[in-house]
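One structure below.
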Amino acid sequence: MEKIRADLLQKLKREMERADITFAENVPMSRYTSFKAGGNAAVLAEVRDTDRLRALLALTSQEGVPHILLGNGSNTLFKDSGYEGVVIKLSQDFAKVSVDLDSCTAAAGTAVLLSSLAKTLLSEGLTGFEFASGIPGTLGGAVFMNAGAYKSDISQILKEVYILKDRSIVVMRVEELEYAYRHSIFQSHRDWII
């Protein structure tokens with residue numbers, strides 16, 4: 001992968017500052033993965049809401065800069081030579097959980113750790129998510145790969161998911177997600193963001 005040109009990197013930095021996106025350059029990805037290995041990312045951007053995510057994706061697409069979303073880094077390994085693109089970490093709005101006890105449902109962001117979500121749901125008296133309490137990762141990763149344990153998986157408890165598809169928010173019901181053992185429709189559509 002080619003190194004990002006200096007002028008393009010400067011433009012990215014200006015535009016991220018203008019969009020109020022927190023970022024750092026030349027970041028060791030070993031700090032962000034469970035393997036604690038891998039080289040540096042040219043840019044690590046932390047995005048706290050959908051508007052900023054759309055802005056960053058528009059910028060990277062317009063300029064042809066490679067980008068990747070990173071959850072908890074549980075199933076991710078970066079090359080020792082690094083990543084010449086923008087690694088995007090989702091935070092804040094993407095890490096929120098809300099519980100509706102009247103309907104016995106919860107809404108959770110893609111960046112929520114599964115262990116935290118399991119504890120929150122249990123403390124609110126909602127059951128069915130206990131299987132995920134020991135899975136190291138985020139809800140987005142679990143939805144992407146239909147994570148599961150103890151004869152249960154995400155597809156058995158999920159009702160719907162909001163995705164960013166072609167810069168629009170789309171709601172997909174669980175029946176549309178083509179779930180199978182450790183598989184979902186998202187693996188065939190890597191440009192869709194959960």
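The values are calculated or read from the model by the stated rules, or taken from the named source; none is laboratory data. What you are looking at is a predicted structure, and each value in this text was computed from that prediction instead of being measured. Here the Cβ is made from the backbone with ideal geometry for all residues, glycine too, and neighbour counts use every protein chain on show. Just so you know, the surface numbers come from the protein's heavy atoms only, side chains and all, with ligands and any DNA or RNA stripped out. Shrake-Rupley method; radii C 1.70, N 1.55, O 1.52, S 1.80 Å.
Residues within the reach of a label modelled at K159 (point 7 angstrom out along Cα to beta-carbon, backbone nitrogen below 20 Å), restricted to the stretch 103-131, are 103-112, 117-131.
If you count Lys pairs in the stretch 1-123 whose Cα atoms are under 24 Å apart, skipping same-chain pairs closer than 8 places in sequence, the total is 13.
Working from Cα pairs under 8 Å separated by at least six residues, relative contact order for the stretch 110-194 is 26 percent. Of the whole protein surface, S133 contributes about 60 Å² of accessible area at a 1.4 Å probe radius.
Which length gain, in nm to one decimal place, applies between E178 and R14 when the Cα-Cα distance is subtracted from 0.36 nm times their residue separation?
Once the chain is fully extended between E178 and R14, it gains 55.0 nm.
Nearest 10 degrees is fine. How inclined is helix 114-123 to the longest principal axis of the chain, computing both from alpha carbons? Roughly 40 degrees, rounded to the nearest 10.
Against the main long axis of the alpha-carbon atoms of the chain, helix 6-18 sits at an angle near 50°. Measuring nothing but protein heavy atoms, the accessible surface of the chain at 1.4 Å probe radius is 49 percent carbon and sulfur.
Within the shell of other residues whose beta carbon sits under 11 angstrom from the beta carbon of I163, the net charge comes to -3, with Lys and Arg scored +1 and Asp and Glu -1.
Heavy atoms of the protein chains alone define the surface here; on that basis the chain has 56 Å² accessible area per residue at 1.4 Å probe size. For F94, neighbours were defined as the other residues whose beta-carbon sits under 14 Å from its Cβ, and their charges (Lys and Arg +1, Asp and Glu -1) total +1. Between the entries [x] 52; [y] 20; [z] 29, the label attached to percent of Cα pairs over 31 Å apart calculated for this structure is [y]. Determine the relative contact order of the chain: mean sequence separation of Cα pairs under 8 Å and six or more apart, normalised by residue count, in whole percent. Averaging sequence separation for qualifying contacts and normalising by length gives 14 percent for the chain. To check you understand DSSP bridge types, tell me what percent of the beta bridges within the chain (both residues inside) are antiparallel, rounded to 5. Counting DSSP beta bridges with both partners in the chain, the antiparallel share is about 70 percent. Annotation for the stretch 135-185: chymotrypsin sites (Phe, Trp or Tyr not before Pro) lying in DSSP loop with at most 12 further Cβ atoms inside 10 Å of their Cβ are Y150, Y181.
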